[in-house]
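Here is the structure we will look at.
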């Protein structure tokens, strides 16, 4: 039975923890308060990840809240994000094998337009048959709407989908709808679990 595999990007297809690889180095580079940064970031990231505002606008708003130069923040933001995006090449090769065996492979990620562009630069999305970006569809995981949208787009039943994410909360709606859900911890664990999808 051919399956459709749906992978998250951040923390799965892109290695590492965004807090450690992007946010903390960015905060350190600008010598700003961690608490103030995250208080501001949390105000806007939901809107930006749902396409209600651009990533550039989000960064301008954060700069205003923190009383720092928006151009400097944008420049450093991009610099550290670009550095943080490390493609999971072992997973990419595994996905190529899945496709060779006739399975369809999709990505579904909560992402801002700016970060999406940087991931495209690194060819993160190239291996997938299709990509669903939260900022383009106007909703984000773990809202049930994005999972229903996925089913509609794929024109299939939930039982035919294997959903992989590194965040437990994002697996809950997938399971409720009847998809097989796998919590990603590392490549070895995932490959073991996917031997028998």
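The values are calculated or read from the model by the stated rules, or taken from the named source; none is laboratory data. Since the structure is predicted, the reported quantities are computational estimates derived from the model, not experimental observations. Note that we place each Cβ from the backbone using ideal geometry, even for glycine, and neighbour counts take in every protein chain shown.
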- Inspect the stretch 28-40 for any residue being more than 20 Å from residue 120 (Cα to Cα), in contact with a strand residue (DSSP E or B) (Cβ under 7 Å, 6 or more places away or on another chain) and either at pLDDT below 95 or part of a loop (DSSP other than H, G, I, E, B) (or both) and give the result as yes or no. no
- Query: If you take the residues in the stretch 138-165 that are part of a helix (DSSP H, G or I) and in contact (Cβ under 8 Å) with a residue 40 or more places away in the chain, which one is surrounded by the fewest Cβ atoms within 10 Å (Cβ to Cβ)?
  - Reply: 160
- Looking only at the stretch 117-135, which residues are within 21 Å of residue 60 (Cα to Cα) and either in contact with a helix residue (DSSP H, G or I) (Cβ under 7 Å, 6 or more places away or on another chain) or part of a loop (DSSP other than H, G, I, E, B) (or both)? 118, 134, 135
- Residue under evaluation residue 126, criteria (1) surrounded by fewer than 17 Cβ atoms within 10 Å (Cβ to Cβ); (2) in contact (Cβ under 8 Å) with a residue 40 or more places away in the chain, criterion not met: (2)
- Sole miss for residue 68 among (1) outside the structural domain of residue 150 (by TED's automatic domain parsing); (2) surrounded by fewer than 18 Cβ atoms within 10 Å (Cβ to Cβ); (3) in a helix (DSSP H, G or I) is condition (3)
- Scan the stretch 69-92 residue by residue and report those that are in contact (Cβ under 8 Å) with a residue 12 or more places away in the chain and farther than 12 Å from residue 21 by Cα. 72, 73, 74, 76, 78, 87, 88, 90, 91, 92
